[in-house]
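Notes follow once the structure below has been shown.
Please treat every number below as a calculation from the coordinates, not as lab data. For clarity, every value in this text was computed on a predicted model and none was experimentally measured. Don't worry about glycine lacking a Cβ; one is built from the backbone with ideal geometry, like all the others, and counts go over all protein chains shown.
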Number of protein chains: 2
Amino acid sequence: MTDPRIAGAGVTQFGKHPERTGRDLFAEAGLEALDQSGVDPDDVEALYYGNFMGELAEHQGHQGPLMAEAIGVDAPATRLEAACASAGAAVREAVKTLRNGEADVVVVGGAERMTNIGTAVATDALAIAADDLFEVRAGMTFPGAYALMARAYFEEYGGSHEDLAHVAVKNHEHALVNEHAQIQKEISVEDALEAPTIAAPLGLYDSCPITDGAAAAVLTTDEYAEEHGLDAPVAISGTGQGGDNLALQDRPHLARTPAADKAAHEAYADAGIEADDVDVAEVHDCFTIAEVLAIESLGLFESGEGIHAATEGTTTRHGEMPVNLSGGLKAKGHPVGATGVAQLATIAWVLDGSHPRADAVPDGTVGVAHNAGGTVASTTVHVLEVKE
Amino acid sequence: MTDPRIAGAGVTQFGKHPERTGRDLFAEAGLEALDQSGVDPDDVEALYYGNFMGELAEHQGHQGPLMAEAIGVDAPATRLEAACASAGAAVREAVKTLRNGEADVVVVGGAERMTNIGTAVATDALAIAADDLFEVRAGMTFPGAYALMARAYFEEYGGSHEDLAHVAVKNHEHALVNEHAQIQKEISVEDALEAPTIAAPLGLYDSCPITDGAAAAVLTTDEYAEEHGLDAPVAISGTGQGGDNLALQDRPHLARTPAADKAAHEAYADAGIEADDVDVAEVHDCFTIAEVLAIESLGLFESGEGIHAATEGTTTRHGEMPVNLSGGLKAKGHPVGATGVAQLATIAWVLDGSHPRADAVPDGTVGVAHNAGGTVASTTVHVLEVKE
């Protein structure tokens, strides 16, 4: 069975693009990925595409064929939606298609346009990732939901808002050299602690911004990469997905994310690695507390220890286990349907040495990407490895 | 490689269910499928779920985990969206997952709630399957788009509205004994011709209704079915998907559906059959002209011959090639995200002899299901075979 190779990847500038459609954004990322890969667009046999709120933000469903046409690809195209893990879900199906022998070359990507509808409407659109009947109508928003998870975590394991502030400070610092990042601004722990409260205990700097953007990657079988002499040293060697009840009220525990535990377990088993083998991770830090939960689910830290990781410097670019070298969703931005593939691109670039923060793990050969939907009711984890 | 078995299927009453949520509808279909299959819900390892307009009709995205919980399944769940072919796309990923050896049991299904938002809003929501920028904003609706395709067909191949009326009469007659059908009403050719015009040449009886409903099926590997003594004689032996430009303006030809040609070609090759082997078909007759285009793309009729099939009786339940024994989308109804799986259920029930119209093909062993999205910009085709 093939280990799918990442032959090329493209990411747009993340940020506010009120004048550009989702199609326009995806075309840029997709064409960049194709160009970087050296693959002939005629060889692409399928497109798997992540998008979350196109129906609400652009009055546009059925975006699969639209995006295939936008990048000049004549192949069946399917949209995956798993809220903020939509692109991660798309990667899974792309990997499956290559492993099945159904295709030698696929494009995977995603896009989201959000700033055009304004923050209030976008916040409401994001809320459809929660249970409308039992959460949204009761007034739940995502900042509120993650605030509950942060409170539950503090109560069970300890830790403080100051520890979360260190996560934000770290990710802002990481993003300073990421040209695609929405926010390139150094902040201090004091800045984060003094910022307006969004949903206590979370403040402005505990939350990712509203972002427009797109990401794409060209994946091939290892046989195709070899035959065509592609420069594609990084393989996706493991994939996993976990699910959980959508509504927080239906869960036994708010300070853990079992869907991510399952996804990590499956992906590691699939790749034949263990958590100790991981050199670098991109995780879904839509809120600072989410990064803490993610690194625990990935097995990089024990339960209750993740809260200290940024404070102690372990997850900074100078630490033993660098997390979110891209700046994470926090500073890089979070164009929902694109995020899972943007994470993949970051890990690939870190492992092949081309990322501006690659010096954090000069000998790194194993990376993981953790993409979560809703309050981690859907999670995908992918293991990437350098395979010469 | 396994030939995935259909171990059980469930379909709700199609029609108007303004008082029921999509979750409630899917729970009914999913639990019925599980019950019929005899599979332990704890054995289900994944849910693939089709839905098209939940964001607009129910303010609910991220429906995968919601629906898994609704049927008591603790497994990762992913939503697929390819407009009206969403459920067909879900079936493809389910089949791939079983063939890959990643799971032994999966549930595939879909649901749509549409009547709660009213016909005008539902028509606008359906329009997001077309290109918003280049079609919808120019005033395009789906009845209008299919009317253009009918006109192009008549101009190229001949045929008339009366031929299309025979498609409607046939499908209404087929639905008379389908207890799940939204419309159980016999009509005459005159009724169809005298009905109000929707978009010339198409009239009221050329169009499927707006429908609420859900469908689900339990799929297993053949090894699992054998080990557990399941009564699952029907296998999914072939799957195919084709894509086309979303906007009609970007296509060279309006009287053909090349995405369906490709999907059929791929599915037949995958199953190792030819069009001549097909005994029965369920096709995507959102409009009567769509059935004509579908049976030509499936290779059951030559280009230009499909228009005469219903008129001559070939596709009736007494004919050589019965099409849409369920009543089709036309009379059974079209809860968008459920349709592809409802087609699968019909074919399985016809082939195992339990469908009330199964006597149309008493010796039938091969059936196909054709599910199309938009103006056939996405198409999936599945081949079902009796395998003892």
Counting other chain Cβ atoms within 10 Å of each Cβ in A:47-54 and taking the mean gives 2
So, relative contact order of segment A:152-277 in percent, Cα under 8 Å, 6 or more apart, is 19 percent
Taking the dipole of the protein assembly as shown about the Cα centre (Lys, Arg +1; Asp, Glu -1; charges at Cβ), the one of A:Ile6, B:Gly213, A:Ala89 that reaches farthest to the positive side is B:Gly213
Taking Lys and Arg as +1 and Asp and Glu as -1, residues besides A:Asp24 with C-beta under 12 Å from its C-beta add up to -1
Rounded to two decimals, the Debye log10 I(q)/I(0) of chain B (Cα scatterers, no solvent) at q = 0.11, 0.12, 0.13 Å⁻¹ is -0.67, -0.81, -0.96
Given A:343-350, A:332-339, the highest-first ranking by average Cβ count within 10 Å works out to A:332-339, A:343-350
Taking A:Lys16, B:Lys185, A:Lys170, B:Lys262 and counting other beta carbon atoms within 10 angstrom, the fewest-first order is B:Lys185, A:Lys16, B:Lys262, A:Lys170
Expected vector for segment B:373-378, Karplus 3J(HN,Hα) from phi with 6.51, -1.76, 1.60 and θ = phi - 60°, integer Hz, x for Gly and Pro, equals x, x, 8, 6, 7, 10
Partner aspartates and glutamates whose C-alpha sits under 15 Å from that of A:Lys170, ignoring same-chain residues fewer than 8 away, are A:Glu162, A:Glu186, A:Glu190, A:Asp191, A:Asp206, A:Glu282, A:Asp285, A:Glu291, A:Glu312, A:Glu320
If labels are modelled 7 Å from Cα along the Cβ direction, B:Pro196 lies from its partners in the other copies at nm distances, smallest first, of 5.0
Nearest 10, in degrees from 0 to 90: the angle of helix A:142-157 to the longest Cα principal axis of chain A is 60 degrees
Cβ-Cβ cut-off under 11 Å around B:Ile187, Lys and Arg +1, Asp and Glu -1: the net charge is -2
Per the rotation taking chain B to chain A, min distance Cβ-to-axis on chain B (residue, whole Å) equals B:Glu55, 2
The lysines whose Cα lies under 23 Å from the Cα of A:Lys262, excluding any fewer than 8 residues away in the same chain, are A:Lys96, B:Lys96
In Å, the C-alpha Rg and Dmax of segment B:234-306 are 12.6, 40
Exposure proxy check on B:Met140, B:Met53: fewest-to-most Cβ neighbours within 10 Å is B:Met140, B:Met53
Taking every other residue with Cβ under 14 Å from the Cβ of A:Leu325 and scoring Lys and Arg +1, Asp and Glu -1, one gets -4
For A:Glu302, inter-copy label-point distances (7 Å, Cα→Cβ), nm, shortest first, read 7.7
The answer for chymotrypsin sites (Phe, Trp or Tyr not before Pro) in segment B:11-82 that fall in a DSSP coil and have at most 13 neighbouring Cβ atoms within 10 Å is none
Under the helix-only model (-39500 (n - 2.57) for each DSSP H run of 4 or more, divided by the residues of chain A), the mean residue ellipticity at 222 nm, to 500 deg cm²/dmol, is -10500 deg cm²/dmol
Along segment B:84-89, Karplus-curve 3J(HN,Hα) (6.51, -1.76, 1.60; θ = phi - 60°) to the nearest Hz, with x for Gly and Pro, reads 6, 9, 4, 5, x, 5
Computed over chain A: longest principal axis from alpha-carbon atoms vs helix A:22-37 long axis, angle to nearest 10 degrees, is 60 degrees
Here P(r) for the protein assembly as shown, Cα-Cα distances in 10 Å bins, as whole percents, is 3, 16, 26, 26, 17, 8, 3, 1, 0
The long-range amide H neighbours of B:Ala7, using H built 1.01 Å from N in the peptide plane and a cut-off of under 5 Å, are B:Val218, B:Leu219, B:Thr220
Taking Cα pairs closer than 8 Å and at least 6 residues apart, the relative contact order of segment A:205-320 in percent is 23 percent
Relative contact order of chain A (C-alpha contacts under 8 Å, at least 6 apart) in percent is 25 percent
Footprinting proxy, B:Met1, A:Met67: sorted fewest to most Cβ within 10 Å, the residues are B:Met1, A:Met67
Mean other chain Cβ within 10 Å across A:245-257 is 2
Excluding residues fewer than 8 positions from B:Lys16 in its own chain, the lysines with Cα under 17 Å of it are B:Lys185, B:Lys330, B:Lys332
One decimal, nm, nearest first: from B:Gly158 to the same residue in each other copy, label points 7 Å out along Cα→Cβ, the values are 8.8
Expressed in µm² per second, the diffusion coefficient of segment B:303-388 from the Stokes-Einstein equation, with Rh the Kirkwood radius over alpha carbon pairs, at 25 °C and 0.890 mPa s, is 179 µm²/s
Averaged over the residues of A:71-77, the number of partner chain Cβ atoms within 10 Å of each residue's own Cβ comes to 5
In order over segment A:165-180: 3J(HN,Hα) from phi, Karplus 6.51/-1.76/1.60, θ = phi - 60°, whole Hz, x for each Gly or Pro, gives 4, 5, 5, 5, 4, 4, 6, 4, 5, 4, 6, 4, 9, 8, 5, 7
